[in-house]
Amino acid sequence: KAGVTQTPRYLIKTRGQQVTLSCSPISGHRSVSWYQQTPGQGLQFLFEYFSETQRNKGNFPGRFSGRQFSNSRSEMNVSTLELGDSALYLCASSGGDRGETQYFGPGTRLLVL
Amino acid sequence: GEDVEQSLFLSVREGDSSVINCTYTDSSSTYLYWYKQEPGAGLQLLTYIFSNMDMKQDQRLTVLLNKKDKHLSLRIADTQTGDSAIYFCAETPRDDKIIFGKGTRLHILP
């Protein structure tokens with residue numbers, strides 16, 4: 001099976017812009033979770049989507065949003081980018097059952113200038 | 001505490017055993033995980049343990065779980081240069097989000 005894929009791998013934006021990141025889960029997986037990784041805060045949970053519905057949400061401002069499509073692919077959007085949004089954004093997929101193991105993609109590295 | 005705690009750095013000689021420790025927060029966590037992250041890469045699941053187990057062994061990896069103290073450890077036997085990475089401990093508390101520690105950077109000395 002192909003693993004979790006994320007596009008793009010690298011992105012440079014300027015403050016105030018918006019960005020959309022994409023994640024394709026492992027075939028058959030219905031749950032997609034997003035994480036932000038920074039040197040200072042480590043890995044922080046953004047949100048989880050399951051069957052096109054947001055099932056869990058972390059403590060991030062409303063500028064961070066996501067969605068999931070019927071084929072389980074997911075996108076996350078960050079509007080009005082701030083310098084502090086520079087991070088590695090990781091996507092993980094799982095079958096969807098509670099507590100099931102998550103498999104991570106390689107991440108999208110976002111740099112906000 | 002409210003955070004999953006790990007020491008930030010560990011230095012080990014090649015061929016020795018590495019032991020990475022973690023203290024988690026929620027005694028009801030069903031699954032506890034160890035992930036490995038190499039430079040420029042995402043997280044790779046190394047192993048996990050169910051909360052009703054005390055130990056799990058998988059080739060060079062041994063996971064020990066002390067539920068009373070909420071302590072998890074990962075032992076890597078015969079540490080190799082390819083083991084150089086950041087290791088993350090993670091738990092799944094009752095609200096089903098996965099909570100990660102800040103990671104332990106394992107450095108291998110020749």
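Among the residues of region A:1-16, those identified as in a loop (DSSP other than H, G, I, E, B), open to solvent by 80 Å² or more (accessible area, probe 1.4 Å) and under 28 Å from A:Leu83 (Cα atoms) are A:Arg9, A:Arg15. Per the conditions (1) more than 9 Å from every other protein chain (Cβ to nearest Cβ); (2) part of a loop (DSSP other than H, G, I, E, B); (3) open to solvent by 20 Å² or more (accessible area, probe 1.4 Å), the sole criterion not satisfied by B:His107 is (2).
The requirement of being among the β-branched types (Val, Ile, Thr), in contact with a helix residue (DSSP H, G or I) (Cβ under 9 Å, 6 or more places away or on another chain) and buried (at least 17 other Cβ atoms within 10 Å of the Cβ) is not satisfied by A:Val32. Of the residues making up region A:68-84, those that are open to solvent by 10 Å² or more (accessible area, probe 1.4 Å) and more than 10 Å from A:Val32 (Cα to Cα) are A:Phe69, A:Ser70, A:Asn71, A:Asn77, A:Ser79, A:Thr80, A:Glu82, A:Leu83, A:Gly84. Of all residues in region A:96-113, those being touching a residue at least 60 places away in the same chain (Cβ under 8 Å) and either touching a Phe, Trp or Tyr at 6+ places or on another chain (Cβ under 9 Å) or open to solvent by less than 20 Å² (accessible area, probe 1.4 Å) (or both) number 11.
On the basis of being charged (D, E, K, R) and free of Cβ contacts under 8 Å to residues at least 60 places away in the same chain, does B:Glu14 make the cut? Criteria not met by B:Glu14. Contact annotation: residue pairs with Cβ atoms under 9 Å, 6 or more positions apart or on different chains, pairing a residue in region B:63-90 that is under 16 Å from B:Arg13 (Cβ atoms) and without any contact (Cβ under 8 Å) to a residue 12 or more places away in the chain with a partner that is among the aliphatic types (A, V, I, L, M) and assigned to a strand (DSSP E or B), are B:Gly82/B:Ile108. With respect to A:Ser27, determine if the residue is surrounded by 15 or more Cβ atoms within 10 Å (Cβ to Cβ) and of a type in the set (Gly, Ala, Ser). So A:Ser27 fails the test. The number of residues in region A:35-67 being open to solvent by 20 Å² or more (accessible area, probe 1.4 Å) and under 17 Å from A:Gln18 (Cα atoms) comes to 7. The condition (being under 27 Å from A:Gly3 (Cβ atoms) and either among the hydrophobic types (A, V, I, L, M, F, W, C) or touching a Gly at 6+ places or on another chain (Cβ under 6 Å) (or both)) is satisfied by just one residue among B:Val12, B:Val4: B:Val4.
Filtering region A:54-113 to residues that are of a type in the set (Phe, Trp, Tyr) and within 13 Å of another protein chain (Cβ to nearest Cβ) leaves A:Phe60, A:Tyr89, A:Tyr103, A:Phe104.
Selection of first residues in region A:10-33 that are over 19 Å from A:Pro106 (Cα atoms) and of second residues that are open to solvent by 20 Å² or more (accessible area, probe 1.4 Å) and among the aliphatic types (A, V, I, L, M), restricted to Cβ pairs under 6 Å at least 6 apart or on distinct chains, gives the following pairs, ordered by first then second residue: A:Thr14/A:Leu113.
The values are calculated or read from the model by the stated rules, or taken from the named source; none is laboratory data. Model, not experiment: these values are computed from the prediction. Cβ coordinates were reconstructed from backbone atoms using ideal geometry, including for glycine residues, and neighbour counts include every protein chain displayed. Just so you know, the surface numbers come from the protein's heavy atoms only, side chains and all, with ligands and any DNA or RNA stripped out. Shrake-Rupley method; radii C 1.70, N 1.55, O 1.52, S 1.80 Å.
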